[in-house]
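One structure, pasted below without further comment.
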Amino acid sequence: MSEQNFDLVVLGGGSGGYAAALRAVQLGLTVGLIEKGKLGGTCLHVGCIPTKALLHSAEVADVSRDAAKYGVKTQFEGIDMATVTAFREGIVASKYKGLQGLIKARGITVIQGEGRLVAPNTVQVGDDRIVGKNVVLATGSYSRSLPGLEIGGRVITSEQALELNFVPNKVAVLGGGVIGVEFASVWKSFGADVTIIEALPHLVPNEEESVSKQLERAFRKRGIEYSLGIRFQSVTQHENGVVVTLENGSTVEAEILLVAVGRGPVTAGLGFDEVGVAMDRGFVLTDERLATNIPGVYAVGDIVPGLQLAHRGFQQGIFVAEEIAGLNPIIVEDLNIPKVTYCDPEIASVGYSEAKASEKFGADQVSSYEYNLGGNGKSSILGTSGSIKVVRVNDGPIVGIHMIGARVGELIGEGQLVVNWEAYPEDIAPFLHAHPTQNEALGEAFLALAGKPLHAM
């Protein structure tokens with residue numbers, strides 16, 4: 001049995017883990033990064049990157065169908081899944097190669113294998129003990145199911161959905177959150193009939209309600225069906241498909257059932273409990289500075305309760321490295337981390353919804369303005385509808401921005417700065433946006449809240 005010693009040992013090479021490793025070596029720390037699979041984790045290999053590659057193929061399919069109205073003569077002849085897969089895999093392979101090169105160039109020691117925490121400062125990998133002055137737990141997440149709902153056959157998760165080599169004729173999607181609506185959007189663009197089953201009253205239920213309602217209207221217009229407010233009861237499989245039964249007795253028949261009911265933490269059997277790390281339903285509990293109850297042990301990413309987003313993992317990994325190095329980094333609450341859902345139309349948000357802002361500050365202390373993208377020239381050129389809603393505290397800062405429409409995910413960077421820097425609409429209003437851009441829609445909302453609308457009433 002050999003022993004290796006580092007300033008920092010990171011268990012898990014996904015978004016949070018490798019971000020912690022990269023920032024730590026920048027700060028002069030030695031780092032051992034333990035990963036049982038491929039560096040990059042869920043996001044790079046079976047999450048963010050490959051799904052967005054699929055969504056781009058879906059966008060191209062939709063544009064080719066509508067090309068004639070733009071004066072472009074072309075024909076849509078169908079989806080070649082082999083080529084779609086090659087495109088997706090090529091993107092992932094390129095990013096993976098780049099990440100491997102970056103990790104190597106920074107001088108990070110990568111230990112390949114499954115690690116288990118055996119002491120507060122020690123992770124065992126096979127017969128080797130990897131010892132650190134500090135340890136970061138970053139073991140990621142897995143696709144969850146519901147109690148009694150077994151994955152297998154025609155009942156699949158997002159990982160299996162990525163690998164499908166055909167376009168199903170009809171798909172049932174269990175879950176109307178981010179993963180569910182993104183895959184529903186892809187399959188509809190590829191030519192499948194899609195039905196989403198969501199137990200809560202709205203699709204993307206964690207978003208501003210007005211945004212959820214606009215997405216529902218847009219999906220209805222696209223021909224994507226959905227059942228809201230009725231819980232899943234059971235599914236049976238047969239040779240050619242599945243029959244999904246809901247609690248009210250209604251049924252949905254489809255070729256496959258995608259289970260998209262969220263992700264769970266990968267922590268079981270990794271020694272966290274035995275070492276005494278505080279846990280709750282598999283999640284690792286931390287304080288606001290991401291420290292666990294065990295001195296010198298931190299946790300980042302999807303195993304920490306809250307948003308499960310790759311860029312949250314990046315932020316937390318950087319934060320912990322700087323915390324260990326004594327830099328006292330600022331805390332960014334989950335509320336102020338930007339979120340993007342890449343269906344068609346896209347959704348992007350940061351900060352309080354109007355309802356949550358009213359609860360926090362008082363309904364009489366909150367106002368909002370919703371700018372319709374119908375008034376935005378670039379949105380009209382793109383052929384998208386939607387809106388941008390800005391929420392502020394009266395005579396105070398902007399506390400929330402909520403958007404729906406094609407490509408609005410590209411606008412959330414500005415939204416993040418405005419909310420996190422607690423900007424007032426009056427302060428932003430003089431800085432107009434380039435014309436014609438979709439960014440102008442944000443500017444119009446700021447102008448309206450500042451009391452001097454330009455193209456808005």
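The values are calculated or read from the model by the stated rules, or taken from the named source; none is laboratory data. What you see is a predicted model, and the numbers here were worked out from it, not measured in a lab. Reconstructed Cβ throughout: ideal geometry from the backbone, glycine too, with neighbour counts over all protein chains shown.
If a residue has to be under 27 Å from the mean Cα position of the chain (by Cα) and over 16 Å from R392 (Cα atoms) to count, how many in the stretch 414-457 make the cut?
5
Right, next: Test each condition in (1) surrounded by fewer than 16 Cβ atoms within 10 Å (Cβ to Cβ); (2) touching a residue at least 12 places away in the same chain (Cβ under 8 Å) for V123 and report the one that comes out false.
If we test V123 against (1) surrounded by fewer than 16 Cβ atoms within 10 Å (Cβ to Cβ); (2) touching a residue at least 12 places away in the same chain (Cβ under 8 Å), just (1) comes out false.
Now a separate question. Would you say D395 is assigned to a loop (DSSP other than H, G, I, E, B) and of a type in the set (D, E, K, R)?
Judged against the criteria, D395 is a match.
Looking at V304, V211, which is the one that is in contact with a Gly (Cβ under 9 Å, 6 or more places away or on another chain), free of Cβ contacts under 8 Å to residues at least 60 places away in the same chain, within 25 Å of K356 (Cα to Cα) and buried (at least 22 other Cβ atoms within 10 Å of the Cβ)?
V304
Tally up the residues in the stretch 241-258 that are in contact (Cβ under 8 Å) with a residue 40 or more places away in the chain and in contact with a Lys or Arg (Cβ under 8 Å, 6 or more places away or on another chain), please.
Total satisfying the criteria: 8.
Aliphatic (A, V, I, L, M), more than 22 Å from the chain's Cα centre (by Cα) and under 22 Å from S94 (Cα atoms), is that true of I34? Steps first, answer last, please.
Values: aliphatic (A, V, I, L, M): yes; more than 22 Å from the chain's Cα centre (by Cα): yes; under 22 Å from S94 (Cα atoms): yes.
Yes, satisfied.
Further question on the same structure: Among the residues of the stretch 225-240, is any closer than 25 Å to L307 by Cβ, charged (D, E, K, R) and free of Cβ contacts under 8 Å to residues at least 60 places away in the same chain?
Yes, the stretch 225-240 contains at least one residue that is closer than 25 Å to L307 by Cβ, charged (D, E, K, R) and free of Cβ contacts under 8 Å to residues at least 60 places away in the same chain.
Considering only residues that are free of Cβ contacts under 8 Å to residues at least 12 places away in the same chain and either in the same structural domain as E182 (by TED's automatic domain parsing) or assigned to a helix (DSSP H, G or I) (or both), which ones fall in the stretch 409-441?
If the condition is that a residue be free of Cβ contacts under 8 Å to residues at least 12 places away in the same chain and either in the same structural domain as E182 (by TED's automatic domain parsing) or assigned to a helix (DSSP H, G or I) (or both), then L417, D427 are the ones that fit.
Sticking with this one: Kindly establish whether V243 is more than 21 Å from T85 (Cα to Cα), modelled with pLDDT of 95 or more and out of contact with any Phe, Trp or Tyr (no Cβ under 7 Å at 6 or more places or on another chain).
Yes: the conditions hold for V243.
Would you pick out the residues in the stretch 53-81 that are assigned to a loop (DSSP other than H, G, I, E, B) and exposed (fewer than 14 other Cβ atoms within 10 Å of the Cβ)?
Hits for the stretch 53-81 are D66, G71, V72, K73, T74, Q75, E77, G78, D80.
Please go through the stretch 253-274 and pick out each residue that is crowded, with 22+ Cβ neighbours inside 10 Å and in a strand (DSSP E or B).
Those that are crowded, with 22+ Cβ neighbours inside 10 Å and in a strand (DSSP E or B): A254, I256, L257, L258, V259, P265.
Considering only the stretch 3-52, state which residues are outside any loop (DSSP other than H, G, I, E, B), among the hydroxyl-bearing types (S, T, Y) and out of contact with any Cys (no Cβ under 6 Å at 6 or more places or on another chain).
Restricting attention to the stretch 3-52, the residues satisfying the condition of being outside any loop (DSSP other than H, G, I, E, B) are 3-11, 15-26, 31-35, 41-46, 48-52.
Add one more test, that the residue is among the hydroxyl-bearing types (S, T, Y), and what stays is 15, 18, 42, 51.
The answer is Y18, T42, T51.
Right, next: Across the stretch 307-319, which residue is surrounded by the fewest Cβ atoms within 10 Å (Cβ to Cβ) among those that are of a type in the set (A, V, I, L, M) and within 24 Å of R144 (Cα to Cα)? Reasoning before the result, please.
Taking the stretch 307-319 first, the residues of a type in the set (A, V, I, L, M) are 307, 309-310, 318.
Those left that are additionally within 24 Å of R144 (Cα to Cα): 307, 309-310.
Details: L307: 15, L309: 20, A310: 21.
That would be L307.
Would a scan of the stretch 349-367 turn up a residue that is part of a loop (DSSP other than H, G, I, E, B) and acidic (D, E)?
Residues of the stretch 349-367 part of a loop (DSSP other than H, G, I, E, B): 352-353, 362.
With the extra rule that they be acidic (D, E), the set shrinks to none.
Within the stretch 349-367, not a single residue is part of a loop (DSSP other than H, G, I, E, B) and acidic (D, E).
Something else now. State the number of residues belonging to the stretch 275-301 that are surrounded by 22 or more Cβ atoms within 10 Å (Cβ to Cβ), closer than 18 Å to V118 by Cα and among the small types (G, A, S).
Residues in the stretch 275-301 being surrounded by 22 or more Cβ atoms within 10 Å (Cβ to Cβ), closer than 18 Å to V118 by Cα and among the small types (G, A, S): 1 in total.
Kindly indicate the residue of the stretch 142-182 that is of a type in the set (D, E, K, R) and touching an Asp or Glu at 6+ places or on another chain (Cβ under 9 Å) and also surrounded by the fewest Cβ atoms within 10 Å (Cβ to Cβ) among those meeting that condition.
From the stretch 142-182, those of a type in the set (D, E, K, R) are 144, 150, 154, 159, 163, 170, 182; that's our starting set.
If we keep only those that are touching an Asp or Glu at 6+ places or on another chain (Cβ under 9 Å) too, we end up with 154, 170.
On the way: R154: 19, K170: 17.
Checking each candidate, the answer is K170.
Separate question: Just for the stretch 372-390: of the residues that are touching a His at 6+ places or on another chain (Cβ under 9 Å) and not in a helix (DSSP H, G or I), which one is surrounded by the most Cβ atoms within 10 Å (Cβ to Cβ)?
Only one residue fits best here, namely I388.
Checking P147 against (1) assigned to a loop (DSSP other than H, G, I, E, B); (2) in contact (Cβ under 8 Å) with a residue 12 or more places away in the chain, only one condition comes out false. Which one?
Here P147 meets the rest and fails (2).
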